[in-house]
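Contents: one structure, followed by commentary.
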Amino acid sequence: MHLKNFKNVDVFLIFVLIRVLSVFIVQTFFVPDEYYQSLEVAHRLVFGYGHLTWEWHQGIRSYGYPLLFALLYKVLYTLGLDSPQVVIYVPRIAQALLSAYSDLCFYRWSGTKKWAVFSICSSWFWFYTCSRTLINTFETSFTTIALSHFPWLGKGPETSSSFIWIAAGLFCIRATSAVIWLPMCLFHLCISQTKAFKLVTTKYIPIGLIVLTMSIILDSLCYGSFQITTYNFLKANIFQNVATNYGTQPWHWYLSSGIPTILGIQILPFIMGVLVVLKARQNHLNELAMLGTVIFATLIFSLLPHKEFRFLLPLLPIMLFVSSRFLSAWSRKASRASVWLATFIIFIGSLLPAYYIGYNHQRGTLDVMEELQHIALKDPENVSLLFLMPCHSTPLYSHIHINVKTRFLTCNPNLDGIEDYIDEADQFYAKPNNWLRQNYPPNSTLPSHIVCFDTLVPLIGNDILTRYKRIKQFFHCDFPLSSRIGANVLIHERKDFEILWTT
């Protein structure tokens, strides 16, 4: 790394402080992939136990991202520092530091100084996700880094192809990143002083083949068989449309809900920035390319039935670039009072959702893990945990860090083409007591602890729970998102377990 990358140390320290603070402030559950597509896989690689979801049995996920956490786990294990709390927080701190560096790249790229710092730091959704061990967070960080190295018009002579290496790596780790980088690479071919054919043959194809080959070798070694995870991912999620098993949204969802949500109050300066760019197109060719990328990616993602907020995350730095440039230009003409008022409104409008959703909403399924870890530590041989919740509602071994028996309701897609297929979670919620009797018939050993939402108690309270006592309750959320999710998470302990414990 060149010494020039260590400029703006004071700005970088601001980013580090905010991102590391997010590790300890953001204490809520977002999506299962934060754990099951990264930490659980890494935990299994290093410690020998961890749950692998169906994706890892089908070879549709790259080991590139989990291996980074596996390396951290290995260092902690070697040094004897792999306590449960350290195992939980070190990966998040590592991701937070990467996000902080990408923030610094955003600062340098945008050229708006204070407004760049303010825009990226006051983004509630980036604060909410910047320290999460999500592949989308990793993708967003490296997308920002790549964009800061992109040979934009007016930047000067093109001297580096580093952004191509990063884009190729992102594609191999998460194939959908191509939706963002395809228009950006086409823009590069159009503006470069080097002929497009020469660029493609001397840069794009060689770099792409090298990165793809390295990715295939890495994944094949980890899986123990030849795998092209990029192809497997596209086949499962696009061609076989497996993702619809996890919910669908109308075509306009990204426009009506997705973008407004992730931008929050910053959608106002973003819209104003878009209008300025469109009005003076000839002076904003770089911004036009960015807006074209946002439109193209949103259009493609909108065509897919399964939609999530996090899929838009890599577009966030592009949209914040547009809004920060607008705010910078506007502030030079506006009165001091107007600037301070706008700053205050944006700050408060971002602080409220960042705090409420990051600290309060859906925290019970994380808080419960610390208690389960204490329970498991006391008697790992006899503790067995049954999670009667929607599948992957909690982390697992990456947060318990003790190899105890666990079981949770699965929601695997119909990979074998079974007629009238119903996944296990749906079977359970259709007839909870029947499912329990089938899976835990008379004279069978019941799990020592059952973890569930409070909404389930009226359904099974007169059956299996008569043999249990409630020992802990954790607040989860004020506004449950479905009938299967409750306001509180409960731990029930088998009544005779304490007797067995002491004998």
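Below, the figures for the structure above:
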{"quantity": "Calculated diffusion of region 339-397, Stokes-Einstein form, Kirkwood radius summed over Cα pairs, 4 °C and 1.567 mPa s, µm²/s", "calculated": "89 µm²/s"}
{"quantity": "Length released on extending from Tyr440 to Leu255, taking residue separation times 0.36 nm less the Cα-Cα span", "calculated": "62.0 nm"}
{"quantity": "For region 153-211: accessible area per residue (Å², 1.4 Å)", "calculated": "53 Å²"}
{"quantity": "FRET efficiency, 1/(1 + (r/R0)^6) with R0 30 Å, evaluated for Glu381 and Met214 via beta carbons", "calculated": "0.10"}
{"quantity": "Segments 8-19, 26-37 sorted - mean Cβ within 10 Å per residue, highest first", "calculated": "26-37, 8-19"}
{"quantity": "Share of carbon and sulfur in the accessible heavy-atom surface of region 47-149 [1.4 Å probe, %]", "calculated": "67 percent"}
{"quantity": "Relative packing of 282-292, 144-154, 118-128, which averages over residues the other C-beta atoms within 10 Å, highest first", "calculated": "118-128, 144-154, 282-292"}
{"quantity": "Share, in percent, of DSSP beta bridges within the chain that are antiparallel, nearest 5", "calculated": "60 percent"}
{"quantity": "Span-rule helices in the chain, defined as complete DSSP H runs reaching 20 Å or more along the axis (Cα) with Kyte mean at least -0.5", "calculated": "9-25, 64-79, 84-110, 135-149, 205-223, 285-303, 316-331, 336-355, 364-378"}
{"quantity": "Region 408-454, accessible area per residue, ligands and nucleic acids excluded (1.4 Å, Å²)", "calculated": "54 Å²"}
{"quantity": "The chain, relative contact order in percent, only Cα pairs under 8 angstrom and at least six apart counted", "calculated": "18 percent"}
{"quantity": "Peptide ranges 96-104, 73-81 listed from the most packed, as the mean C-beta count within 10 angstrom indicates", "calculated": "96-104, 73-81"}
{"quantity": "Segment Leu303-Ile93, extension gain: residue separation times 0.36 nm, minus the distance between their alpha carbons", "calculated": "72.1 nm"}
{"quantity": "Length added when fully stretched, Phe226-Asp420, from 0.36 nm per residue minus Cα-Cα", "calculated": "66.6 nm"}
{"quantity": "25 Å Cα-Cα threshold exceeded, pairs from Lys114/Lys203; Lys235/Lys405; Lys378/Lys405; Lys279/Lys333", "calculated": "Lys114/Lys203; Lys235/Lys405"}
{"quantity": "Spin-label model distance (nm) - Lys195 vs Ala487, 7 Å beyond Cα toward Cβ", "calculated": "7.1 nm"}
{"quantity": "Phe347-Ser160 pseudo-label distance in nm [points 7 Å out on the Cα-to-Cβ vector]", "calculated": "3.3 nm"}
{"quantity": "Directionally averaged projected area (convex hull, Cα atoms, the chain), nm²", "calculated": "26.5 nm²"}
{"quantity": "Unit charges on C-beta of K, R, D, E only; dipole of the chain, Debye", "calculated": "1900 debye"}
{"quantity": "Calculated FRET efficiency for the pair Trp340/Leu234, C-beta based, R₀ 56 Å, to 0.05", "calculated": "0.70"}
{"quantity": "Ser384 long-range amide H proximity, modeled H, under 5 Å", "calculated": "Ser448, His449"}
{"quantity": "Dimensionless Rg ratio for region 64-106, taking C-alpha atoms and the 2.2 N^0.38 Å reference", "calculated": "1.28"}
{"quantity": "Inter-probe distance in nm under a simple model that places probes 7 Å from Cα toward Cβ, at Leu71 and Asn360", "calculated": "4.0 nm"}
{"quantity": "Antiparallel bridge percentage (DSSP; both residues within region 372-503; nearest 5)", "calculated": "60 percent"}
{"quantity": "Ellipticity estimate at 222 nm from DSSP helix runs (n ≥ 4, -39,500 (n - 2.57)) divided over the chain, nearest 500", "calculated": "-16500 deg cm²/dmol"}
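The values are calculated or read from the model by the stated rules, or taken from the named source; none is laboratory data. The structure displayed is predicted, hence computed values, not measured ones. Don't worry about glycine lacking a Cβ; one is built from the backbone with ideal geometry, like all the others, and counts go over all protein chains shown. Just so you know, the surface numbers come from the protein's heavy atoms only, side chains and all, with ligands and any DNA or RNA stripped out. Shrake-Rupley method; radii C 1.70, N 1.55, O 1.52, S 1.80 Å.
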